[in-house]
Amino acid sequence: MTSLLAQTPIHSWHAAHGGRMVDFAGWSMPVQYASIVAEHNATRAAVGLFDVSHMGRIRITGPESEAFLNRLVTRRVARMKTGQIRYALMTNDEGGILDDVLVYHLHDARGTDYHLLVVNASNRLKIWEWLQAHHEGADVELSDVTLDTAMIAVQGPLALQIVRPLVNLDPATLRYYFGGEATITGAPGLVSRTGYTGEDGCELILPAEAALACWEKLAAAAEPLGGKAAGLGARDTLRLEAAMPLYGHELNEEINPYQAGLAFAVDLENRSFPGRDALVVARDDRSLLRRLGWELAGKRVPREGYAVFAGGRQVGHVTSGTFSPTLGKPIAIGYVEPALAARGGDFFIDIRGSHEPARSVELPFYRRPQEKEHRP
Amino acid sequence: VKPEELLYAKTHEWVHVDRAAGEKIATIGISHFAVEALTDLVYIELPEVGRQIKAGESFGEVESVKAVSDLYSPVSGEIVNINGSLTLQLDQLHDDPYGAGWIVKIKISDESALKSLLDYKAYQKQCAEEGH
């Protein structure tokens, strides 16, 4: 079975360093090396290295690439600055979320504009087909460059420090959610000030054949600083503390962006995209479940699918839960009836038959200490 | 106790049977392999002393950051003691799984379940096959 799974260009390193490889969206990925908590804490305190090569990367070139994307995503991506990156959603005609994506507006060495779409691994084929189905003769060329490239997330307060010597574009000069083409360990790539951990940091996209050597350099630089390679387990606990939604858990085709607390990622005015008209209605619909987060006082951990109670009846369910290594207590995100989501307060979560008190809290659970940005 | 002298369930619990007192008391814990596989333990739920339990039934659970796992009794009988110190020092499960990390003691009412347990060698073979 294992041989049927796709492998990232860094797979051999994971296997050689104790990575516990699991099937994630058809990829053989490390869920952890030694300890999720140690990898989590290393990322918060120093730096974590994440192989995120499984994420889908679709390059969109041609004179109409901007217009093409602008009529497919929930957020306006026209007239983004060069190097700017925007979080957006793609919705179906009913306003349900097909995927959450990053749209990069870039220009190449010759100064030609193009776009990059980074999508979830689990949705890569679906989004590829969606783009093809909505092509409508646009003057664009689409290419899925996922397998030709690798993607490495370097996250944590020391992330920029270890990336800086390996690239010719100092990531500290990039604003948050900006990026650009760069030479990375001698290979042509892309550096961006992005991530999915709630920490400062950057992500590198580079040719597949250059990825392993780059990873090894990063790992060697991270180790003496207390940094670590980190698996999908720590990626999940980190993103959950930062209350970032995960497709397949908080997001799916039955959930609209307003329910998910992602109104900031939707621009409706003077726009046209699949699901736009449905979202005009959904924006004011007060009958649908809404996303909420809880902290628990005990040690037992709410997991996906557990029922949420208030006033003696079920009012919602959990979509993600973990024991927060940073806060030292169980945390969960889920959906509840809108009136209760607005009210907040005390709930109970049914943890394998026992109703455990859970108090709703403002999200995110964790916000990094606001440091001054390091500028040269 | 030495791991080589213990019996093991396929679900990774170990059993040590003490026959000296006239009664047959099984001490039960989980193997080093199981603890290594779970990692990042945060919580253990222990049963009540006095509870009757059948072989194969869950007597508690151990929770890690990633998942929760049931603990299955390898024998039938009455729970006569629990290691309450684990709730405060869960590290004992990791640091000394065959000693201070014992979980429960059960007065065996029916010895037949012992026959289906694995010896150390057979258990090692199972762990090698499961890898991780």
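Anything in segment A:79-104 that is of a type in the set (A, V, I, L, M) and either under 21 Å from A:ALA278 (Cβ atoms) or in contact with a Leu (Cβ under 8 Å, 6 or more places away or on another chain) (or both)? List them, or say none.
Result: A:ILE85, A:ALA88, A:LEU89, A:MET90, A:ILE97, A:LEU98, A:VAL101, A:LEU102, A:VAL103.
Could you look through segment A:282-303, keep only residues that are buried (at least 17 other Cβ atoms within 10 Å of the Cβ) and in contact with a helix residue (DSSP H, G or I) (Cβ under 8 Å, 6 or more places away or on another chain), and pick out the one that is farthest from the other protein chains (Cβ to nearest Cβ)?
Across segment A:282-303, the extreme among qualifying residues is A:ARG290.
Any idea which of A:TYR306, A:TYR335 is away from every other protein chain (no Cβ under 14 Å), hydroxyl-bearing (Ser, Thr, Tyr), in contact (Cβ under 8 Å) with a residue 40 or more places away in the chain and buried (at least 16 other Cβ atoms within 10 Å of the Cβ)?
Sole residue among the options that is away from every other protein chain (no Cβ under 14 Å), hydroxyl-bearing (Ser, Thr, Tyr), in contact (Cβ under 8 Å) with a residue 40 or more places away in the chain and buried (at least 16 other Cβ atoms within 10 Å of the Cβ): A:TYR335.
Applying the selection to segment A:193-243, what residues are acidic (Asp, Glu), in a helix (DSSP H, G or I) and closer than 28 Å to A:GLU181 by Cβ?
Of everything in segment A:193-243, those that are acidic (Asp, Glu), in a helix (DSSP H, G or I) and closer than 28 Å to A:GLU181 by Cβ turn out to be A:GLU209, A:GLU216.
Has segment B:99-116 got at least one residue that is within 14 Å of chain A (Cβ to nearest Cβ) and within 21 Å of B:LEU7 (Cα to Cα)?
no
Only strands (runs of 3 or more DSSP E) wholly contained in segment A:79-130 count here; list those with 1 or more residues that are touching a Lys or Arg at 6+ places or on another chain (Cβ under 9 Å) and more than 17 Å from A:ILE60 (Cβ to Cβ).
A:85-91
Would you mind stating whether A:LEU190 is modelled with pLDDT of 95 or more and either surrounded by 17 or more Cβ atoms within 10 Å (Cβ to Cβ) or more than 28 Å from A:LEU89 (Cα to Cα) (or both)?
Criteria met by A:LEU190.
Do you know which residues across segment A:319-332 are within 13 Å of chain B (Cβ to nearest Cβ) and of a type in the set (Val, Ile, Thr)?
A:THR322, A:THR326, A:ILE331
Somewhere in segment B:83-105, is a residue at negative phi, modelled with pLDDT under 95, of a type in the set (Val, Ile, Thr) and exposed (fewer than 15 other Cβ atoms within 10 Å of the Cβ)?
yes
Report whether or not A:GLY179 is in a loop (DSSP other than H, G, I, E, B) and either without any contact (Cβ under 8 Å) to a residue 40 or more places away in the chain or touching a Phe, Trp or Tyr at 6+ places or on another chain (Cβ under 7 Å) (or both).
no
Checking the condition acidic (Asp, Glu), on the phi < 0 side of the Ramachandran plot and surrounded by fewer than 16 Cβ atoms within 10 Å (Cβ to Cβ), which residue from A:ASP200, A:ASP148, A:ASP144 passes?
One residue alone meets the criteria, A:ASP148.
Filter the strands (runs of 3 or more DSSP E) completely within segment A:274-376 down to those with at least 3 residues that are within 30 Å of A:LEU158 (Cβ to Cβ).
In segment A:274-376, the matching strands (runs of 3 or more DSSP E) lie at A:313-324, A:329-336.
Consider B:TYR8 carefully, then state whether it is farther than 22 Å from B:GLN126 by Cβ and of a type in the set (Phe, Trp, Tyr).
no
For the subset of segment A:1-10 comprising residues that are touching a residue at least 24 places away in the same chain (Cβ under 8 Å) and not hydroxyl-bearing (Ser, Thr, Tyr), which member is farthest from the other protein chains (Cβ to nearest Cβ)?
Step by step, filter segment A:1-10, then rank; the result is A:PRO9.
Condition first: surrounded by 15 or more Cβ atoms within 10 Å (Cβ to Cβ) and within 14 Å of chain A (Cβ to nearest Cβ). Can you find one or more residues in segment B:2-23 that meet it?
no
I'd like to know if segment A:238-254 contains one or more residues that are within 14 Å of chain B (Cβ to nearest Cβ) and touching a Lys or Arg at 6+ places or on another chain (Cβ under 6 Å).
no
The values are calculated or read from the model by the stated rules, or taken from the named source; none is laboratory data. Just so it is clear, the structure is predicted and the values come from calculations on it, not from any experiment. Methodologically, a virtual Cβ is constructed for each residue, glycine included, from the backbone with ideal geometry; neighbour enumeration extends over all protein chains shown.
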